[in-house]
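Below you'll find the structure, written out as structure tokens, and then a few comments.
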Amino acid sequence: MTFPLKYRFSNKNVPAQLNANLNGALYLGYRTDVYRISYPKSPLQFSERTSNHFGYSVGFFSGLGNTFVSPTTTKEQLSQEYDGIVWSKGIAGIVAVNNFSIGLALGFDELMDRNKNIWIYNNKPWLGLVFGLNLN
């Protein structure tokens, strides 16, 4: 699964942020699947099987991503800007239709370098949009 959008709440006089960095994670959860199979007739009166798949799941995720680190997001304790690596973890609710899935996540990021103690979003909650693609 991937998180194309993360909404970070306002923090330390920094307004709420909408981040568009792609992040990937592994997901483990409980899932229920529903299949709808039908046999509509073609114009030549042949039956053609069609199927639709719907899935619903809730679970946990963990993975790596990147984030922008700057003086603003470190309470002016860092003078340079860079893209830092974060470890993301949290919970997600996902709805799947055929091979595509979309959902919402509540997550927490931990910056994976020496600046994690001054990064204002370290282990603070964020809301994210989840996308997934079933390749099997």
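The values are calculated or read from the model by the stated rules, or taken from the named source; none is laboratory data. Being a predicted model, the structure only gives us computed values, none of them experimental. Note: ideal-geometry Cβ built from the backbone for every residue, glycine included; neighbour counts use all protein chains shown. Just so you know, the surface numbers come from the protein's heavy atoms only, side chains and all, with ligands and any DNA or RNA stripped out. Shrake-Rupley method; radii C 1.70, N 1.55, O 1.52, S 1.80 Å.
Points worth noting:
- The stretch 1-70 and the stretch 79-121 have Cα centres lying 15 Å from one another.
- Taking every alpha-carbon pair under 8 Å whose residues sit at least 6 apart, the chain reaches a relative contact order of 25 percent.
- Surface exposure of the chain, expressed per residue as accessible area with a 1.4 Å probe, stands at 64 Å².
- Carbon plus sulfur fraction of accessible area for the chain, probe 1.4 Å, in percent: 60 percent
- Taking the square roots of 5 times each eigenvalue of the Cα gyration tensor of the stretch 25-109, largest first, gives ellipsoid semi-axes of 45, 15, 8 Å.
- Applying 0.36 nm per residue to the separation of Phe54 and Ile91 and subtracting their alpha-carbon distance, the gain on full extension is 11.3 nm.
- Leu22 versus Ser10: modelled label distance in nm, points set 7 Å from Cα along the beta carbon direction: 3.3 nm
- Highest-MSF residue in the chain out of Gln80, Gln45, Gln17 [GNM, Cα springs under 10 Å]: Gln45
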